[in-house]
Amino acid sequence: MPRMLRPKAAVLPDSALVPDANLKPPPKRFTHQVVAEQPFYYASGHADAAPDGRFAPGTKLLLLEHGDGPLCWVQDRQGLCAATPFAGLRALR
């Protein structure tokens, strides 16, 4: 039987952690779905900043808040709350 090689362990930097303010209990229902891969941000600053991550196409989200700007606040199935462009979302029926 061949031996299993394990990768070398590495500790991620603190910048890899999701801020506690962006985590809530997962939602029970979803209102929107991501049309194409799009960025998300932990803080709603400006959309030209470097994204904190990306939502994959087809990700179901709960729309929390949508104001006048291009970004809206959503929550995914893991409880992550983030700002993302509203134009990349499609309403679920």
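Hey, of (1) 4.6; (2) 9.3; (3) 15.4, which did the structure itself give for mean projected area of the Cα convex hull in nm² when calculated?
Label of the calculated value: (2).
Under 12 Å from the Cβ of Ala36, count the other residues' Cβ atoms, weight Lys and Arg +1, Asp and Glu -1, and hand me the total.
For residues surrounding Ala36, the net value is +1.
Distance between Cα centroids, segment 4-19 to segment 47-93: provide it in whole Å.
With segment 4-19 and segment 47-93 each reduced to a Cα centre, they are spaced 26 Å.
Each reported figure results from applying straightforward, stated rules to the coordinates on display, with no laboratory input. Note that the structure is predicted; figures quoted are calculated from it, not measured. Methodologically, a virtual Cβ is constructed for each residue, glycine included, from the backbone with ideal geometry; neighbour enumeration extends over all protein chains shown.
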